[in-house]
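Note sheet for the following structure.
The values are calculated or read from the model by the stated rules, or taken from the named source; none is laboratory data. Values in this document were obtained by computation on a predicted structure and should not be read as measured data. Using ideal geometry, Cβ is built from the backbone for each residue, glycine included, and neighbour counts are taken over all protein chains shown.
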Amino acid sequence: MFKKALIIGAISCIAPFSLSADEAALSYTHAGIGYATGDIDDIDFSGFGIYGSKAINDSFFLEASYLSIESDDQFTDGLVTDDIEATGFNIGVGFHTPINSTVDFVSTLSYSDVDVEFAGDSEDGNGYIVAAGVRALPSDVLELSAFIDYADIEDSSETGYSLGARYFTTPDISVGVGYGSSDDFDALTFDVRFDL
């Protein structure tokens, strides 16, 4: 029942949720909550996630996220019909440096782990995600981002990209939308972030 693509796709799905949450130039410390929807290996899903980031110094930060998703439809395997559920976490370190006064280069290296469950059976996969991209601040209230990510999980790999836009309703609160895609998954995310 479980394909490796489900695990790789679920892990890759964490990347756009985390990367679309990159923070404005003045701070790399934040916390947020969001909603994700899309498809993994032609299976529609939706769910929620939480994430956070903590600046270590002027160039490095720590990040972590947790995602829980569930298939929108039930599936039948033999005599059993049930939903497919996946939960995963991501923890890593990031580096950022300015390209100019409005654009930052950002890269991250993260460890990810996902557990996929169906009808009481589960399968676990883990690996790492490397991501690199840019974040632009065209105005005080708008942030744009674009990243390429590479996931290596259980002797398989997946390369994808993510795009994000963020609107600041106040200097410390923003709402964001992100899109991520690779060979086996497409995901759309919506989130609210609180800069700390």
Is region 105-113 home to any residue that is under 21 Å from Gly176 (Cβ atoms) and without any contact (Cβ under 8 Å) to a residue 60 or more places away in the chain?
-> yes
Select from region 68-81 the residues that are at pLDDT 90 or above and part of a strand (DSSP E or B) and write down the one among them that is nearest to Asp44 (Cα to Cα).
-> Ser71
Glu143: over 21 Å from Gly34 (Cα atoms) and surrounded by 19 or more Cβ atoms within 10 Å (Cβ to Cβ), yes or no?
-> no
Please determine, by comparing only the residues of region 153-169 that are crowded, with 17+ Cβ neighbours inside 10 Å and closer than 29 Å to Asp115 by Cα, which one is nearest to the chain's Cα centre (by Cα).
-> Ser162
When every residue in region 59-83 that is within 24 Å of Phe105 (Cβ to Cβ) and within 12 Å of the chain's Cα centre (by Cα) is compared, the one surrounded by the most Cβ atoms within 10 Å (Cβ to Cβ) is Ser65
Residue check, Asp186 against (1) under 14 Å from the mean Cα position of the chain (by Cα); (2) surrounded by 16 or more Cβ atoms within 10 Å (Cβ to Cβ); (3) within 22 Å of Ser107 (Cβ to Cβ), all met but one. Which one?
-> (3)
So which of Ile56, Ile8 ends up being more than 10 Å from the chain's Cα centre (by Cα) and at pLDDT 90 or above?
-> Ile56
With the condition kept exactly as written, say whether any residue in region 84-99 is over 29 Å from Thr170 (Cβ atoms), surrounded by fewer than 17 Cβ atoms within 10 Å (Cβ to Cβ) and more than 19 Å from the chain's Cα centre (by Cα).
-> no
